[in-house]
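**Q** What follows is a structure written as structure tokens; I'll ask about it next.
The values are calculated or read from the model by the stated rules, or taken from the named source; none is laboratory data. Predicted model, so just to flag it, every value in this text is computed and none were measured. Because the Cβ atoms are built from the backbone with ideal geometry, glycine has one as well, and the counts that use them run over all protein chains shown. Side chains are part of the model used for accessible areas, which takes the heavy atoms of the whole protein and leaves out ligands, DNA and RNA. Shrake-Rupley method; radii C 1.70, N 1.55, O 1.52, S 1.80 Å.
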Amino acid sequence: MSLRDRRKNELTRKKLRETQELSAKDLIMPIFVKEGILEKKEIKSMPGIYQFSLKQVVKQAEEIYSLGIPSIILFGIPAHKDKIGSVAYDKKGIVQEAIGAIKTAVPRLNVIADVCMCGYTTHGHCGIIKNSYVDNVQTVKMLSRIALSYACAGADTVAPSAMMDGQVRAIKEVLIRNNYPKVRILAYSVKYASSFYNPFRDAVESAPKFGDRKTYQMDYYNSDEAILEAKLDIQEGADMLMVKPALGYQDIIYRIKKELKFPLACYSVSGEYAMIKAASVKGYLDEKKVLLETMTGFKRAGADLIISYYAQDLARWLKQWGRFSKRTVPMI
Ligand code: PBG
């Protein structure tokens, strides 16, 4: 068969595909829940994405599940922040309440809770500051308390995203010690210090008030270091790894999958969403086609799961195109 023969019509192309077609079961939808609001509020730099009230977030979860998306990843915006993010592990905190309410309404939806402090601290950094520097020891202690409170609230998975050394091990130990051995860990193993997170920081109101995140998030010049981060997280007890951002980092996705052969997610971050959305609104790009092409690229590179703000829309479009997937057991 000549190369042109392989591409002669849609049927042949479909038959010879090396990568499985995208389906709703590959997706994880991020959602934002804000304490003390009654109506949803659109995020300026992410048209179509909202901060939801507690009540609304449950409705969203129901819709997401009905579209065949197996998992959500939850981010909270508390009403009060302080220097040490002390409300982050409050039993009655907004994330803990949302987990409880969602698990009651949609028990089969897999609820992943992001474990970090940036949304809870007045300075916007992902941990506790000591001498103008994020202190690893104190922050890891705090992250473990937060993760435990999410497990108590009913989270299926916790996802530590602060990029502190040893955070996965500490969380794993706390979960086991407190009798939550089944709560899984999705490790943000390879999280680069990226300018593509800016719209997210509008969403959780967490832009750092001084400095940047380069003393804990990875330097984008490196990829051997990414392998080291990922290997350590496997040793520390992670159930799944993550690469973030996704666009521009497909070499990292590819290397990790090839070299470590471990369940792997990628996070197509807020700036990636914003770029495609903005260009589509302007009419410069075909939103659906560009999205499908981009996301298929993540799968081709080796990602098992994709976290994307487009997950809900994409699942809706796939359904319209007759590509509704059978429900399966979620991978994480
Ligand atoms: C928390 C966190 C961030 C994102 C996910 N978890 C922001 C950051 O590190 O500043 C970014 C997600 C996105 O941009 O979509 N640390």
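**Q** Condition test on Ser223, is it in contact (Cβ under 8 Å) with a residue 12 or more places away in the chain and near the ligand (Cβ under 10 Å from one of its atoms)?
**A** The answer is no for Ser223.
**Q** Another question about this same structure. So which of Ala151, Ala147 ends up being free of Cβ contacts under 8 Å to residues at least 40 places away in the same chain, crowded, with 16+ Cβ neighbours inside 10 Å, within 16 Å of the ligand (Cβ to nearest atom) and within 24 Å of Tyr120 (Cβ to Cβ)?
**A** One residue alone meets the criteria, Ala147.
**Q** Within the range 260-292, which residues are in contact with a Ser or Thr (Cβ under 8 Å, 6 or more places away or on another chain), of a type in the set (Gly, Ala, Ser) and not in a helix (DSSP H, G or I)?
**A** Of everything in the range 260-292, just one residue is in contact with a Ser or Thr (Cβ under 8 Å, 6 or more places away or on another chain), of a type in the set (Gly, Ala, Ser) and not in a helix (DSSP H, G or I), namely Ser268.
**Q** Of the conditions (1) surrounded by 20 or more Cβ atoms within 10 Å (Cβ to Cβ); (2) within 16 Å of the ligand (Cβ to nearest atom); (3) more than 26 Å from Ile43 (Cα to Cα), Leu175 fails just one. Which one is it?
**A** Failing condition for Leu175: (2).
**Q** Take the conditions over 13 Å from Thr294 (Cβ atoms) and open to solvent by less than 10 Å² (accessible area, probe 1.4 Å) and apply them to Leu264. Does it pass?
**A** yes
**Q** Test each condition in (1) among the aromatic types (Phe, Trp, Tyr); (2) more than 17 Å from the chain's Cα centre (by Cα); (3) modelled with pLDDT of 95 or more for Phe298 and report the one that comes out false.
**A** The number of the failed condition is (2).
**Q** Shifting gears a bit: Please count how many residues of the range 239-285 are charged (D, E, K, R) and within 14 Å of Tyr310 (Cα to Cα).
**A** 2
**Q** Starting from residues that are under 17 Å from Ala311 (Cα atoms) and without any contact (Cβ under 8 Å) to a residue 24 or more places away in the chain, keep the ones in the range 43-80 and report whichever is least open to solvent (accessible area, probe 1.4 Å).
**A** The residue in question is Phe52.
**Q** Ok, one more. In the range 97-129, which residue that is assigned to a strand (DSSP E or B) and touching a helix residue (DSSP H, G or I) at 6+ places or on another chain (Cβ under 7 Å) is nearest to the ligand (Cβ to nearest atom)?
**A** Result: Val115.
**Q** I'm checking my understanding of the structure. Among residues of the range 179-202 that are within 12 Å of the ligand (Cβ to nearest atom) and part of a loop (DSSP other than H, G, I, E, B), which one is surrounded by the fewest Cβ atoms within 10 Å (Cβ to Cβ)?
**A** Across the range 179-202, the extreme among qualifying residues is Ala193.
**Q** Quick one: how many residues across the range 241-259 are in a helix (DSSP H, G or I) and under 20 Å from Asp219 (Cβ atoms)?
**A** 8
**Q** Based on this model, can you work out whether Ala155 counts as of a type outside the set (Ser, Thr, Tyr) and assigned to a loop (DSSP other than H, G, I, E, B)?
**A** So Ala155 fits the description; yes.
**Q** Restricting attention to the range 267-297, which residues are more than 13 Å from the ligand (Cβ to nearest atom) and open to solvent by less than 10 Å² (accessible area, probe 1.4 Å)?
**A** Of everything in the range 267-297, those that are more than 13 Å from the ligand (Cβ to nearest atom) and open to solvent by less than 10 Å² (accessible area, probe 1.4 Å) turn out to be Leu291, Met295, Gly297.
**Q** With the structure loaded, tell me whether Asn136 is closer than 20 Å to Gly211 by Cα, free of Cβ contacts under 8 Å to residues at least 40 places away in the same chain and within 16 Å of the ligand (Cβ to nearest atom) or whether it fails that test.
**A** yes
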